[in-house]
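Below is one structure; the comments refer to it alone.
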Amino acid sequence: MNQFGTILKFELKGYLKNKVFVGITVFLMAVIAVVMFFPRIMGLFSQDEAQPDASGDRPVLLLATHSGQYDEGLLEAFEAAFPKYQVVMPKIDNPDDPELFRQEIEQGEAECAFMLDGLTDYTYYVKNIVMSDNNTAVADQVLQSLYQVHSLREAGISAEETEKILAAQISHTTESYGKDQIENFFYTYIMIFALYMVILLYGQMVATNVATEKSSRAMEVLITSAKPVSMMFGKVLASCLAGFIQLVCVFGSAFLFFRLNQADWGNNFLINSIFNMPLDLLLYMLLFFVLGFLMYAFMFGAIGSTASKLEDINTSVMPVTLLFIVGFIVVVTSMSGGSIDSPLMVVCSYIPFTSPMAMFTRIAMSTVPFYEVLLSVVILIGSVVGIGFLSAKIYRVGVLLYGTTPKLGAVLKQVWKA
Amino acid sequence: MQLELEKIHKNFGEKQVLTGISFSAQGGSAFGLLGRNGAGKTTTIRILMDVFPADSGQVLMDGKPIDYGKTGIGYLPEERGLYPKKKIIDQLTYFAELKGMKHTEAVKSIDYWLERLGMAEHRNKRLDTLSKGNQQKIQLITALAHNPQIVILDEPFSGLDPVNAMLLKDVVKEEISKGKIVLFSSHQMNYIEEFCDKIAILNAGQIVLQGDLHEIKRNYPRNKLLVRSPEISRILADKHFTDAAPLEGDSALITLASPGEKAQMMQNLAQQYDLDEVKVFEPSLNDIFVEYAGEHQKEENKA
């Protein structure tokens, strides 16, 4: 126990003093800060832009009718619908001239023009059609409601009633007895992705750490100074703690920055759904994160101990990495497909290699009976302990094998005998 | 204090690595564990240090199975290496703490050893900034800092310059005089001869010779004559000396049928040839080693 504590402290210090580790954490926090302050920063810029508009220097929108007649309320309706424009009704001599507005628009005197042929048909003139141009959509609405008003009035319905009919709004509310998959999707996705990144990143780090000790021959002294079980558990728990500290820094700063800018985000659905994550889900996240992390870190550590050269690490860890990636893909595909409780996902939520992601996703996005969660967690804990001790045994055999990287079968055979 | 290994057997898979190793080493003396590459020295050391268990046999300390919690062991492995990128004081403290020392006493002891080995100025440097010999001295501290009862040194002198070798010799002598059991493994026989009272020669997983080094030498058959003469080529051509082997520097080694012929042979030689020197050949440890470790190899090859 004493040795375990010493190893844990030493390894953790190694992570926290590592410039890359600190650098990545600070970088991520900075990125999150920029994202979180984005609406506030944008707010500063757009205020600057809005000022010349207010001084009356708005772009000109030309409005004309083919007949030369203007329906009552047309100008008012357009002015109300296009507050960014100064709506001008020019005198038209020849309404059939297709070059009618060319000069004004090309020279920038006007930005666009509408030539109405009645209330249900018009031509829109503009220099360049830009992506964000929704003027025609706005005009469609204006004209449609004008047309409706006119038609109703012609049918002898009073102005009051017309207004009432047209103003009728359909309201609805949704009551969900389970989970809101749309709202949960984003934070589940973020959590699963964080889990994925952290496990792969730290798994590699553990494997490299063990292989470095082996190739630098520090192992010769280590293995005679400490028990393999202490070594393995100390290393893996240190990396788990380091990963956890990193996650807390990143998510903690995200939360803090969000709080600082909550007003600026307003009703942004995505951001709000992420930060309104329920606490119990966060705790589940923590549980599955720790267990999943430990299990994979043990496997990566064991593999690291069998590699004789650092260069071999990448190929050696491939099977475990692939196993994990397959699990990730299954979970993410099921998430996007909405088939959270498909038989595949149910099976995956019991297999310890995939259950941290699969079960967490099911808990977050669906309704899972408690006994299922409990069963999955028990299987996972059992596997973590089992794999932990097995990896310590592999470690003891592996670290003393130099030369070519041994086959997994050969190592397991020796582990069995040892 | 007595360390005993009793009938240690170890197989790796099908391969028999150790077949019945037994020896004992006393406190206050150095024990030389010799053997060619692959003879099983490192495996013996690892079993002794409980890195893995023996298939059968036991390790005893003063007659009782060794308690690794109480018996401190220091080890300088042949394959050297620590953490190249870490600060020297940090990693030395780490290793000492792993051996059960408290942080403050570890630092105190390490500072003593850094001073003793002339490495105090490197205390806060990274290991890889040091030369190979100095790195080796740092590694020696990992074997000594926790004041172990048993010190195992595997090729401690390789890579050291003469000044550092002298320093290490003094340190080893100090450790012996403190009553510790020092276990030596080396191919540099002169160092073994200098330190070790007892030796064991391992060959193919067995001890082929062991005992007190002086006794071994004394009991070595005294049936060889070392002859130095300007007429050495004539002596070698003489049919009377059928078993004469040439040596460097006008010398030859003449093997007698029995040690009893010694006086007669010396007389004959002196009468017939101009001799500079003739004496009974006393083997060096090197000769003994080559004979025992080498011969068995030959037998094995024949089989």
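Overview of results
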{"item": "Sparse-neighbour loop sites [GluC sites (Glu not before Pro); the range A:127-191; at most 11 other C-beta within 10 Å; DSSP]", "result": "A:GLU175"}
{"item": "Dimensionless Rg ratio for chain A, taking C-alpha atoms and the 2.2 N^0.38 Å reference", "result": "1.50"}
{"item": "Whole-Hz couplings from phi, Karplus 6.51/-1.76/1.60, listed for the range B:132-146; x for Gly and Pro", "result": "4, x, 5, 4, 5, 5, 4, 5, 4, 5, 4, 7, 10, 4, 8"}
{"item": "Accessible area (Å², per residue) of the range A:132-215, counting only protein heavy atoms and a probe of 1.4 Å", "result": "63"}
{"item": "Selection from A:LEU287, B:GLN149, B:SER258 lying farthest towards where the dipole of the protein assembly as shown points positive, charges on Cβ", "result": "B:SER258"}
{"item": "For the protein assembly as shown, average projected area of the Cα convex hull in nm²", "result": "53.5"}
{"item": "Peptide-level mean, for B:73-85, of C-beta atoms on other protein chains within 10 Å", "result": "5"}
{"item": "Nearest-ten-degree value, helix B:262-272 long axis tilted from longest Cα axis of chain B", "result": "60"}
{"item": "The protein assembly as shown - mean residue ellipticity at 222 nm from DSSP helices (-39,500 (n - 2.57) per run, n ≥ 4, rounded to 500)", "result": "-17500 deg cm²/dmol"}
{"item": "Relative contact order (%) - criterion: Cα under 8 Å, at least six apart; region: chain A", "result": "20"}
{"item": "Per residue, in Å², the accessible surface of the range B:147-303 once ligands and nucleic acids are set aside, probe 1.4 Å", "result": "52"}
{"item": "Heavy-atom surface of the range A:1-120, accessible at 1.4 Å and reported per residue (Å²)", "result": "65"}
{"item": "Approximate spin-label separation A:ILE381-A:SER132, in nm, with each point projected 7 Å along Cα-to-Cβ", "result": "5.4"}
{"item": "Exercise: per-residue mean of other protein chain Cβ atoms within 10 Å, A:222-231", "result": "5"}
{"item": "Helix A:355-365 vs. chain A, principal-axis angle (Cα, 0 to 90°, nearest 10)", "result": "30"}
{"item": "Crossing angle, helix A:135-154 versus chain A [Cα axis fit, 0-90 degrees, rounded to tens]", "result": "50"}
{"item": "Solvent-accessible area buried by B and A, counting both chains, probe 1.4 angstrom, square angstrom", "result": "2200"}
{"item": "Largest-first ellipsoid semi-axes for the range A:1-159, taking √(5λ) over the Cα gyration tensor eigenvalues, angstrom", "result": "60, 20, 14"}
{"item": "Drop in accessible area of at least 40 Å² in the complex versus isolated chain, residues of the range A:2-16, 1.4 Å probe", "result": "A:THR6, A:PHE10"}
{"item": "Heavy-atom accessible surface of the range B:77-182: percent carbon and sulfur, 1.4 Å", "result": "53"}
{"item": "Filtered GluC sites (Glu not before Pro), the range B:212-299: DSSP coil and at most 12 other beta carbons within 10 Å", "result": "B:GLU248"}
{"item": "Summed residue charge, Cβ within 12 Å of B:ARG80's Cβ, Lys/Arg positive, Asp/Glu negative", "result": "-2"}
{"item": "Among A:MET357, A:MET299, A:MET42: highest mean-square fluctuation, GNM of chain A, C-alpha pairs under 10 Å", "result": "A:MET42"}
{"item": "Accessible carbon and sulfur surface of the range A:276-322 relative to its total accessible area, %, 1.4 Å", "result": "72"}
{"item": "Other protein chain Cβ atoms within 10 Å, averaged over every residue that makes up B:4-15", "result": "1"}
{"item": "At least 40 Å² of accessible area lost relative to the chain alone, listed for the range B:26-66 with a 1.4 Å probe", "result": "B:ARG46, B:VAL51"}
{"item": "Highest-MSF residue in chain B out of B:LYS178, B:LYS224, B:LYS239 [GNM, Cα springs under 10 Å]", "result": "B:LYS239"}
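The values are calculated or read from the model by the stated rules, or taken from the named source; none is laboratory data. Just so it is clear, the model here is predicted, and its values are computed rather than measured. Backbone-built Cβ (ideal geometry, glycine too); neighbour counts: all protein chains shown. Surface areas here come from the heavy atoms of the whole protein model, side chains and all, with no ligands, DNA or RNA. Shrake-Rupley method; radii C 1.70, N 1.55, O 1.52, S 1.80 Å.
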